[in-house]
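Shown next, in C-alpha coordinates, is the structure this report addresses.
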Amino acid sequence: MKCLLKQVWISLFLLAAMPLWAENYPYRSDVLWVTVPDHADWLYETGEKAKVEVQFYKYGIPQDGLEVAYEIGGDMMPADKSGTVTLKNGRAVISMGTMNQPGFLDCRLSATVNGKKYKHHVKIGFSPEKLQPYTKLPADFNAFWEKNLAEAAKCPMKYTIEPAPEYSSEKSDCYLIKLQCFRPGSYIYGYLTRPKAAGNYPVVLCPPGAGVKTIKDPKRHIYYADEGCIRLEMEIHGLNPTMSAEEFKEISSAFGNYLVNGIDNRDNYYMKKVYLACVRAVDYLTSLPDWDGKNVIVQGGSQGGALALVTAGLDKRVTACVANHPALSDMAGYKAGRAGGYPHLFKNYQGMDTPEKINTLAYYDVVNFAKQIKVPVYMTWGYNDNTCPPTTSYIVYNVLDCPKEALITPINEHWTSEATEYGHLKWIQKHLK
(Lines give C-alpha, C1' and ligand atoms only; values in the text may rest on other atoms or scores of the structure.)
Protein backbone atom coordinates (compact mmCIF):
# COMPACT_ATOMS: atom_id res chain seq x y z
CA MET A 1 0.00 0.00 0.00
CA LYS A 2 2.85 2.43 0.79
CA CYS A 3 4.34 1.71 -2.62
CA LEU A 4 0.95 2.29 -4.30
CA LEU A 5 0.39 5.59 -2.52
CA LYS A 6 3.90 6.70 -3.42
CA GLN A 7 3.17 5.98 -7.11
CA VAL A 8 -0.12 7.87 -6.93
CA TRP A 9 1.47 10.94 -5.33
CA ILE A 10 4.20 10.90 -7.98
CA SER A 11 1.46 10.77 -10.63
CA LEU A 12 -0.35 13.69 -9.04
CA PHE A 13 2.88 15.70 -8.85
CA LEU A 14 3.45 15.11 -12.55
CA LEU A 15 -0.20 15.95 -13.18
CA ALA A 16 0.18 19.36 -11.58
CA ALA A 17 3.08 20.12 -13.89
CA MET A 18 1.24 19.19 -17.09
CA PRO A 19 -0.19 21.83 -19.44
CA LEU A 20 -3.87 22.72 -19.69
CA TRP A 21 -4.44 20.77 -22.89
CA ALA A 22 -3.42 17.38 -21.48
CA GLU A 23 -7.01 16.09 -21.46
CA ASN A 24 -6.19 12.64 -20.12
CA TYR A 25 -4.77 14.19 -16.95
CA PRO A 26 -6.92 17.26 -16.26
CA TYR A 27 -5.12 20.25 -14.80
CA ARG A 28 -5.64 20.52 -11.01
CA SER A 29 -8.37 17.88 -11.03
CA ASP A 30 -9.46 16.21 -7.80
CA VAL A 31 -9.64 12.86 -9.57
CA LEU A 32 -7.24 10.71 -11.54
CA TRP A 33 -8.11 7.88 -13.91
CA VAL A 34 -5.42 5.32 -14.67
CA THR A 35 -5.95 2.71 -17.38
CA VAL A 36 -3.38 -0.06 -17.81
CA PRO A 37 -3.73 -2.47 -20.77
CA ASP A 38 -2.18 -5.87 -20.14
CA HIS A 39 0.22 -5.23 -23.05
CA ALA A 40 2.63 -2.44 -22.19
CA ASP A 41 2.54 -0.96 -25.71
CA TRP A 42 -1.29 -1.14 -25.88
CA LEU A 43 -1.01 -3.33 -29.01
CA TYR A 44 -2.33 -6.83 -29.72
CA GLU A 45 -2.52 -9.22 -32.61
CA THR A 46 -5.91 -9.68 -34.28
CA GLY A 47 -7.75 -12.47 -32.52
CA GLU A 48 -5.82 -11.92 -29.29
CA LYS A 49 -7.93 -11.06 -26.24
CA ALA A 50 -7.13 -7.92 -24.28
CA LYS A 51 -7.76 -6.71 -20.75
CA VAL A 52 -7.49 -3.25 -19.23
CA GLU A 53 -7.09 -2.52 -15.53
CA VAL A 54 -9.03 0.56 -14.49
CA GLN A 55 -7.99 2.66 -11.49
CA PHE A 56 -9.74 5.68 -10.03
CA TYR A 57 -8.41 8.03 -7.34
CA LYS A 58 -9.83 11.06 -5.61
CA TYR A 59 -7.35 13.30 -3.80
CA GLY A 60 -4.86 10.50 -4.49
CA ILE A 61 -6.99 8.00 -2.52
CA PRO A 62 -8.16 4.78 -4.23
CA GLN A 63 -11.97 4.77 -4.45
CA ASP A 64 -13.05 1.44 -3.03
CA GLY A 65 -16.50 0.14 -3.97
CA LEU A 66 -17.04 2.71 -6.74
CA GLU A 67 -19.09 1.48 -9.69
CA VAL A 68 -17.60 2.27 -13.10
CA ALA A 69 -19.71 1.96 -16.23
CA TYR A 70 -18.05 1.11 -19.52
CA GLU A 71 -18.87 0.89 -23.20
CA ILE A 72 -16.64 -0.76 -25.78
CA GLY A 73 -16.73 -0.07 -29.51
CA GLY A 74 -14.49 0.42 -32.49
CA ASP A 75 -12.47 3.61 -32.94
CA MET A 76 -15.06 6.40 -33.45
CA MET A 77 -17.78 3.74 -33.77
CA PRO A 78 -20.90 3.13 -31.65
CA ALA A 79 -20.51 0.82 -28.67
CA ASP A 80 -21.35 -2.86 -29.16
CA LYS A 81 -20.64 -3.95 -25.58
CA SER A 82 -21.39 -2.36 -22.21
CA GLY A 83 -21.35 -3.20 -18.53
CA THR A 84 -20.19 -2.14 -15.09
CA VAL A 85 -17.38 -3.09 -12.74
CA THR A 86 -16.97 -2.33 -9.05
CA LEU A 87 -13.57 -1.12 -7.91
CA LYS A 88 -11.78 -2.97 -5.14
CA ASN A 89 -9.06 -0.87 -3.54
CA GLY A 90 -9.58 1.52 -6.42
CA ARG A 91 -9.05 -1.11 -9.15
CA ALA A 92 -10.94 -3.42 -11.49
CA VAL A 93 -10.23 -5.30 -14.71
CA ILE A 94 -12.34 -5.01 -17.87
CA SER A 95 -12.17 -7.65 -20.60
CA MET A 96 -11.97 -5.76 -23.89
CA GLY A 97 -12.38 -8.80 -26.12
CA THR A 98 -10.66 -8.80 -29.49
CA MET A 99 -10.88 -7.74 -33.14
CA ASN A 100 -10.66 -10.05 -36.13
CA GLN A 101 -9.65 -7.20 -38.45
CA PRO A 102 -6.89 -4.61 -37.91
CA GLY A 103 -8.08 -1.58 -35.96
CA PHE A 104 -8.70 -0.08 -32.55
CA LEU A 105 -11.16 -0.72 -29.73
CA ASP A 106 -12.19 2.15 -27.47
CA CYS A 107 -13.22 1.55 -23.85
CA ARG A 108 -15.30 4.54 -22.68
CA LEU A 109 -15.56 4.88 -18.92
CA SER A 110 -17.73 6.88 -16.55
CA ALA A 111 -18.17 7.10 -12.79
CA THR A 112 -20.26 9.32 -10.53
CA VAL A 113 -18.79 10.61 -7.27
CA ASN A 114 -20.84 12.86 -4.98
CA GLY A 115 -23.26 13.61 -7.80
CA LYS A 116 -20.59 14.56 -10.32
CA LYS A 117 -19.91 12.41 -13.37
CA TYR A 118 -16.33 11.80 -14.52
CA LYS A 119 -15.37 10.31 -17.88
CA HIS A 120 -12.29 8.78 -19.41
CA HIS A 121 -11.42 6.42 -22.27
CA VAL A 122 -8.61 4.23 -23.51
CA LYS A 123 -7.98 2.82 -27.00
CA ILE A 124 -5.99 -0.31 -27.78
CA GLY A 125 -4.83 -1.49 -31.19
CA PHE A 126 -5.05 -4.82 -32.98
CA SER A 127 -2.42 -5.32 -35.71
CA PRO A 128 -2.74 -1.65 -36.77
CA GLU A 129 0.42 -1.95 -38.86
CA LYS A 130 -1.77 -3.91 -41.32
CA LEU A 131 -4.38 -1.17 -41.76
CA GLN A 132 -4.77 0.01 -45.35
CA PRO A 133 -6.83 2.88 -46.79
CA TYR A 134 -10.34 2.61 -48.12
CA THR A 135 -9.56 5.60 -50.34
CA LYS A 136 -8.29 4.70 -53.80
CA LEU A 137 -5.71 6.56 -55.89
CA PRO A 138 -7.32 8.08 -59.00
CA ALA A 139 -5.59 7.14 -62.25
CA ASP A 140 -5.12 10.80 -63.16
CA PHE A 141 -4.17 11.99 -59.66
CA ASN A 142 -0.70 13.21 -60.63
CA ALA A 143 -1.89 14.72 -63.91
CA PHE A 144 -4.60 16.66 -62.07
CA TRP A 145 -2.15 18.19 -59.64
CA GLU A 146 0.57 18.83 -62.22
CA LYS A 147 -1.93 20.86 -64.25
CA ASN A 148 -3.04 22.89 -61.23
CA LEU A 149 0.53 23.47 -60.04
CA ALA A 150 1.46 24.76 -63.48
CA GLU A 151 -1.45 27.20 -63.40
CA ALA A 152 -0.58 28.41 -59.91
CA ALA A 153 3.06 28.93 -60.91
CA LYS A 154 1.91 31.58 -63.40
CA CYS A 155 0.71 33.77 -60.52
CA PRO A 156 3.27 36.57 -59.97
CA MET A 157 5.29 36.29 -56.75
CA LYS A 158 3.99 39.43 -55.08
CA TYR A 159 4.36 40.03 -51.35
CA THR A 160 4.73 42.57 -48.58
CA ILE A 161 6.94 42.16 -45.53
CA GLU A 162 6.69 44.14 -42.30
CA PRO A 163 8.79 43.83 -39.11
CA ALA A 164 7.04 42.17 -36.16
CA PRO A 165 9.43 43.02 -33.33
CA GLU A 166 6.99 41.76 -30.69
CA TYR A 167 7.72 38.23 -31.93
CA SER A 168 11.47 38.65 -32.36
CA SER A 169 14.28 37.57 -30.04
CA GLU A 170 17.89 38.47 -29.42
CA LYS A 171 18.96 35.98 -32.07
CA SER A 172 16.06 36.16 -34.54
CA ASP A 173 13.85 38.64 -36.35
CA CYS A 174 10.17 38.12 -37.10
CA TYR A 175 8.20 39.60 -40.01
CA LEU A 176 4.55 39.60 -41.04
CA ILE A 177 4.29 38.41 -44.65
CA LYS A 178 1.40 38.90 -47.09
CA LEU A 179 1.96 36.64 -50.10
CA GLN A 180 0.00 36.45 -53.35
CA CYS A 181 -0.53 32.85 -54.40
CA PHE A 182 -2.79 30.54 -56.39
CA ARG A 183 -4.05 33.40 -58.58
CA PRO A 184 -3.81 37.21 -58.67
CA GLY A 185 -5.69 38.78 -55.77
CA SER A 186 -5.57 35.60 -53.65
CA TYR A 187 -3.31 36.00 -50.61
CA ILE A 188 -2.12 34.22 -47.52
CA TYR A 189 -0.41 35.69 -44.46
CA GLY A 190 2.37 34.31 -42.34
CA TYR A 191 4.98 35.09 -39.74
CA LEU A 192 8.51 34.64 -41.03
CA THR A 193 11.27 34.18 -38.45
CA ARG A 194 14.89 34.17 -39.53
CA PRO A 195 18.26 34.29 -37.77
CA LYS A 196 19.79 37.75 -37.38
CA ALA A 197 23.29 36.47 -38.09
CA ALA A 198 24.38 36.55 -41.71
CA GLY A 199 24.45 33.14 -43.32
CA ASN A 200 22.51 30.58 -45.32
CA TYR A 201 19.85 28.50 -43.61
CA PRO A 202 17.32 25.69 -44.13
CA VAL A 203 13.71 26.78 -44.64
CA VAL A 204 10.79 25.28 -42.72
CA LEU A 205 7.16 25.72 -43.77
CA CYS A 206 4.57 25.29 -41.00
CA PRO A 207 0.93 25.16 -42.22
CA PRO A 208 -1.86 25.73 -39.66
CA GLY A 209 -4.30 23.55 -37.80
CA ALA A 210 -7.97 23.65 -38.76
CA GLY A 211 -10.19 26.66 -38.24
CA VAL A 212 -10.62 30.29 -39.18
CA LYS A 213 -8.44 31.93 -36.57
CA THR A 214 -5.30 33.92 -35.93
CA ILE A 215 -1.81 32.44 -35.92
CA LYS A 216 -1.28 31.28 -32.35
CA ASP A 217 1.59 33.02 -30.51
CA PRO A 218 4.20 33.11 -33.30
CA LYS A 219 6.98 33.31 -30.73
CA ARG A 220 6.31 29.92 -29.18
CA HIS A 221 8.52 28.22 -31.78
CA ILE A 222 11.15 30.93 -32.00
CA TYR A 223 13.74 28.26 -31.23
CA TYR A 224 13.63 27.23 -34.90
CA ALA A 225 15.16 30.56 -35.94
CA ASP A 226 17.29 30.82 -32.81
CA GLU A 227 18.87 27.48 -33.74
CA GLY A 228 19.47 28.27 -37.39
CA CYS A 229 16.30 27.78 -39.47
CA ILE A 230 14.16 30.18 -41.49
CA ARG A 231 10.56 29.35 -40.56
CA LEU A 232 7.27 30.49 -42.08
CA GLU A 233 4.17 29.87 -40.00
CA MET A 234 1.29 30.51 -42.38
CA GLU A 235 -2.47 30.81 -42.42
CA ILE A 236 -4.60 29.63 -45.34
CA HIS A 237 -7.62 31.94 -45.66
CA GLY A 238 -6.05 35.28 -46.56
CA LEU A 239 -6.91 36.81 -43.17
CA ASN A 240 -4.56 39.20 -41.44
CA PRO A 241 -3.52 37.54 -38.14
CA THR A 242 -3.38 40.93 -36.42
CA MET A 243 -7.17 41.20 -36.52
CA SER A 244 -9.04 41.02 -33.23
CA ALA A 245 -10.57 37.84 -31.81
CA GLU A 246 -14.02 39.37 -32.37
CA GLU A 247 -13.29 39.93 -36.05
CA PHE A 248 -12.08 36.36 -36.47
CA LYS A 249 -15.21 35.08 -34.73
CA GLU A 250 -17.46 37.02 -37.10
CA ILE A 251 -15.56 35.88 -40.17
CA SER A 252 -15.51 32.28 -38.95
CA SER A 253 -19.30 32.36 -38.59
CA ALA A 254 -19.62 33.71 -42.11
CA PHE A 255 -17.24 31.09 -43.55
CA GLY A 256 -19.15 28.12 -42.25
CA ASN A 257 -17.18 24.89 -42.61
CA TYR A 258 -14.72 25.55 -45.41
CA LEU A 259 -13.79 21.86 -45.47
CA VAL A 260 -17.06 21.07 -47.26
CA ASN A 261 -17.19 24.14 -49.51
CA GLY A 262 -17.27 23.07 -53.16
CA ILE A 263 -16.82 19.43 -52.29
CA ASP A 264 -19.09 18.29 -55.13
CA ASN A 265 -16.44 19.16 -57.72
CA ARG A 266 -12.70 18.51 -57.55
CA ASP A 267 -11.96 21.75 -59.43
CA ASN A 268 -14.04 23.91 -57.09
CA TYR A 269 -13.19 22.39 -53.71
CA TYR A 270 -11.97 24.98 -51.21
CA MET A 271 -8.86 23.02 -50.33
CA LYS A 272 -7.45 23.24 -53.85
CA LYS A 273 -6.26 26.78 -53.31
CA VAL A 274 -4.94 25.78 -49.86
CA TYR A 275 -2.79 22.95 -51.22
CA LEU A 276 -1.49 25.17 -54.00
CA ALA A 277 -0.81 28.00 -51.54
CA CYS A 278 1.49 25.69 -49.58
CA VAL A 279 3.58 25.03 -52.69
CA ARG A 280 3.63 28.74 -53.50
CA ALA A 281 4.85 29.39 -49.97
CA VAL A 282 7.75 27.06 -50.76
CA ASP A 283 8.35 29.13 -53.89
CA TYR A 284 8.67 32.19 -51.66
CA LEU A 285 10.93 30.54 -49.10
CA THR A 286 13.30 29.19 -51.74
CA SER A 287 13.55 32.67 -53.27
CA LEU A 288 15.04 34.13 -50.09
CA PRO A 289 18.70 35.11 -50.40
CA ASP A 290 19.56 33.46 -47.06
CA TRP A 291 18.09 30.05 -47.98
CA ASP A 292 20.88 27.45 -48.00
CA GLY A 293 19.83 26.17 -51.43
CA LYS A 294 19.41 22.58 -50.17
CA ASN A 295 16.96 22.03 -47.31
CA VAL A 296 13.18 22.51 -47.48
CA ILE A 297 11.24 21.08 -44.54
CA VAL A 298 7.48 20.98 -43.98
CA GLN A 299 6.14 20.56 -40.44
CA GLY A 300 2.71 20.71 -38.82
CA GLY A 301 0.03 19.09 -36.68
CA SER A 302 -3.57 18.04 -37.33
CA GLN A 303 -4.69 19.96 -40.44
CA GLY A 304 -1.15 21.33 -40.48
CA GLY A 305 0.20 17.78 -40.42
CA ALA A 306 -2.05 16.94 -43.35
CA LEU A 307 -0.82 19.99 -45.28
CA ALA A 308 2.80 19.13 -44.50
CA LEU A 309 2.32 15.67 -46.02
CA VAL A 310 0.38 17.09 -48.96
CA THR A 311 3.16 19.58 -49.69
CA ALA A 312 5.81 16.87 -49.43
CA GLY A 313 3.81 14.80 -51.90
CA LEU A 314 3.34 17.67 -54.34
CA ASP A 315 6.71 19.41 -54.23
CA LYS A 316 9.93 17.59 -55.05
CA ARG A 317 11.98 20.39 -53.46
CA VAL A 318 10.86 19.21 -50.02
CA THR A 319 13.67 17.29 -48.32
CA ALA A 320 11.98 16.20 -45.06
CA CYS A 321 8.54 16.19 -43.45
CA VAL A 322 7.28 16.18 -39.85
CA ALA A 323 3.58 15.54 -39.21
CA ASN A 324 1.58 15.11 -35.99
CA HIS A 325 -1.73 13.20 -36.06
CA PRO A 326 -2.62 14.33 -39.61
CA ALA A 327 -6.19 15.28 -40.46
CA LEU A 328 -7.87 14.75 -43.87
CA SER A 329 -6.66 11.14 -43.92
CA ASP A 330 -8.73 8.28 -45.39
CA MET A 331 -11.75 10.51 -44.94
CA ALA A 332 -14.09 7.99 -46.58
CA GLY A 333 -12.90 5.25 -44.22
CA TYR A 334 -16.29 5.24 -42.52
CA LYS A 335 -17.63 3.46 -45.61
CA ALA A 336 -15.43 0.52 -44.61
CA GLY A 337 -17.13 0.43 -41.19
CA ARG A 338 -14.24 2.04 -39.33
CA ALA A 339 -12.96 5.47 -38.36
CA GLY A 340 -12.34 8.01 -41.08
CA GLY A 341 -10.21 11.10 -40.76
CA TYR A 342 -11.07 14.59 -39.58
CA PRO A 343 -13.42 16.36 -40.33
CA HIS A 344 -15.41 13.09 -40.07
CA LEU A 345 -17.59 13.92 -43.05
CA PHE A 346 -19.44 10.62 -43.03
CA LYS A 347 -20.11 10.77 -39.30
CA ASN A 348 -20.95 14.41 -38.63
CA TYR A 349 -22.52 15.59 -41.91
CA GLN A 350 -25.54 14.64 -43.98
CA GLY A 351 -25.49 13.90 -47.69
CA MET A 352 -21.77 13.20 -48.01
CA ASP A 353 -22.05 9.70 -49.47
CA THR A 354 -22.44 10.66 -53.13
CA PRO A 355 -20.26 9.64 -56.10
CA GLU A 356 -19.32 13.28 -56.72
CA LYS A 357 -18.13 13.95 -53.17
CA ILE A 358 -16.28 10.65 -52.87
CA ASN A 359 -14.56 11.34 -56.19
CA THR A 360 -13.46 14.80 -54.99
CA LEU A 361 -12.11 13.46 -51.70
CA ALA A 362 -9.86 10.99 -53.48
CA TYR A 363 -7.94 13.91 -55.05
CA TYR A 364 -7.51 15.64 -51.68
CA ASP A 365 -7.01 12.77 -49.25
CA VAL A 366 -3.66 12.71 -47.46
CA VAL A 367 -3.16 9.00 -48.09
CA ASN A 368 -2.80 9.61 -51.81
CA PHE A 369 -0.21 12.35 -51.29
CA ALA A 370 1.64 10.18 -48.77
CA LYS A 371 2.08 7.56 -51.50
CA GLN A 372 4.04 10.10 -53.55
CA ILE A 373 6.58 11.00 -50.83
CA LYS A 374 10.16 9.77 -51.20
CA VAL A 375 11.93 11.91 -48.57
CA PRO A 376 12.26 11.13 -44.82
CA VAL A 377 9.07 11.50 -42.78
CA TYR A 378 8.68 11.69 -39.00
CA MET A 379 5.17 11.17 -37.61
CA THR A 380 3.73 11.44 -34.10
CA TRP A 381 0.31 10.35 -32.89
CA GLY A 382 -1.57 9.13 -29.83
CA TYR A 383 -4.18 6.42 -29.46
CA ASN A 384 -6.78 8.30 -27.41
CA ASP A 385 -7.25 10.95 -30.11
CA ASN A 386 -10.88 11.39 -31.18
CA THR A 387 -10.11 14.29 -33.53
CA CYS A 388 -7.55 12.58 -35.73
CA PRO A 389 -7.98 8.96 -34.64
CA PRO A 390 -5.10 6.47 -34.50
CA THR A 391 -6.73 4.35 -37.21
CA THR A 392 -6.11 7.04 -39.81
CA SER A 393 -2.64 7.98 -38.57
CA TYR A 394 -1.57 4.35 -38.90
CA ILE A 395 -3.07 4.19 -42.38
CA VAL A 396 -1.02 7.19 -43.50
CA TYR A 397 2.15 5.78 -41.94
CA ASN A 398 1.54 2.37 -43.48
CA VAL A 399 1.31 3.70 -47.05
CA LEU A 400 4.51 5.76 -46.81
CA ASP A 401 7.14 4.26 -49.13
CA CYS A 402 10.08 6.31 -47.92
CA PRO A 403 12.45 6.49 -44.95
CA LYS A 404 10.12 6.93 -41.99
CA GLU A 405 10.11 7.10 -38.21
CA ALA A 406 7.28 7.29 -35.69
CA LEU A 407 6.93 8.50 -32.13
CA ILE A 408 3.79 6.84 -30.80
CA THR A 409 2.42 8.24 -27.53
CA PRO A 410 -0.59 6.04 -26.64
CA ILE A 411 -2.00 8.16 -23.79
CA ASN A 412 -2.19 11.31 -25.91
CA GLU A 413 -5.46 12.71 -27.15
CA HIS A 414 -5.28 15.52 -29.72
CA TRP A 415 -2.17 17.18 -28.32
CA THR A 416 1.60 17.01 -28.22
CA SER A 417 3.85 18.11 -25.39
CA GLU A 418 6.32 20.97 -25.68
CA ALA A 419 9.14 18.43 -25.36
CA THR A 420 7.75 16.43 -28.29
CA GLU A 421 7.43 19.57 -30.41
CA TYR A 422 11.00 20.61 -29.65
CA GLY A 423 12.02 17.09 -30.59
CA HIS A 424 10.70 17.78 -34.08
CA LEU A 425 13.40 20.41 -34.55
CA LYS A 426 16.03 17.98 -33.28
CA TRP A 427 14.86 15.39 -35.82
CA ILE A 428 14.95 18.00 -38.59
CA GLN A 429 18.48 19.02 -37.68
CA LYS A 430 19.62 15.40 -37.95
CA HIS A 431 18.18 15.19 -41.46
CA LEU A 432 19.68 18.31 -42.97
CA LYS A 433 21.76 17.93 -46.11
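The values are calculated or read from the model by the stated rules, or taken from the named source; none is laboratory data. Bear in mind the structure is a predicted one, so any value in this text is a computation, not a measurement. When we count neighbours, we look across all protein chains shown, and the Cβ atoms used for this are built from the backbone with ideal geometry, even at glycine. Remember, those area values only see protein heavy atoms, side chains included, never the ligands or the DNA or RNA. Shrake-Rupley method; radii C 1.70, N 1.55, O 1.52, S 1.80 Å.
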(request) Report the trypsin sites (Lys or Arg not before Pro) located in the range 370-430 that are in a DSSP loop and have at most 13 other Cβ atoms inside 10 Å of their Cβ, or state none. (result) LYS374
(request) Please tell me the relative contact order of the range 77-217 in percent, rounded to the nearest whole number, where contacts are Cα pairs under 8 Å and at least six residues apart. (result) 12 percent
(request) Just order 269-278, 93-102 by mean Cβ neighbour count inside 10 Å, highest at the front, would you? (result) 269-278, 93-102
(message) Between the range 122-162 and the range 396-410, what is the separation of their alpha carbon centroids in Å?
(response) 17 Å
(message) Ignoring ligands, DNA and RNA, please state the percent of accessible area on the chain from carbon and sulfur, probe 1.4 Å.
(response) 52 percent
(message) So if I place +1 on the C-beta of Lys and Arg and -1 on the C-beta of Asp and Glu, and nothing else carries charge, what would the dipole magnitude of the chain be about its Cα centre? I want it in debye, nearest 20.
(response) 200 debye
(request) Can you list which of the trypsin sites (Lys or Arg not before Pro) found in the range 49-96 are DSSP loop residues with at most 15 other C-beta atoms within 10 Å? (result) LYS49
(request) Give the peptides 289-300, 306-317 in descending order of average Cβ contacts within 10 Å, highest first. (result) 306-317, 289-300
(message) Could you tell me how far the Cα centroid of the range 271-296 sits from the Cα centroid of the range 239-261, in Å?
(response) 25 Å
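What number, rounded to the nearest 500 deg cm²/dmol, is the helix-based mean residue ellipticity at 222 nm of the chain, given -39500 (n - 2.57) per DSSP H run of at least four residues and division by all its residues? Walk me through the numbers before you get to the answer.
Values: 11 runs with 113 residues, N = 433.
Using -39500 (n - 2.57) per qualifying helix, the result is -7500 deg cm²/dmol.
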(request) Would you mind checking LYS158/LYS196; LYS178/LYS404; LYS347/LYS404; LYS158/LYS273; LYS196/LYS430; LYS154/LYS433 for any pair whose Cα atoms are more than 27 angstrom apart? (result) LYS178/LYS404; LYS347/LYS404; LYS154/LYS433
(request) Over the chain, average the accessible area per residue using a 1.4 Å probe and give it in Å², no decimals. (result) 43 Å²
(request) Before anything else, pin down the relative contact order of the chain: Cα pairs under 8 Å, at least 6 apart, normalised by residue count, whole percent. (result) 13 percent
(message) Could you compute the net charge surrounding GLY103? Neighbours are other residues with a C-beta less than 14 Å from the C-beta of GLY103; K and R count +1, D and E count -1.
(response) -4
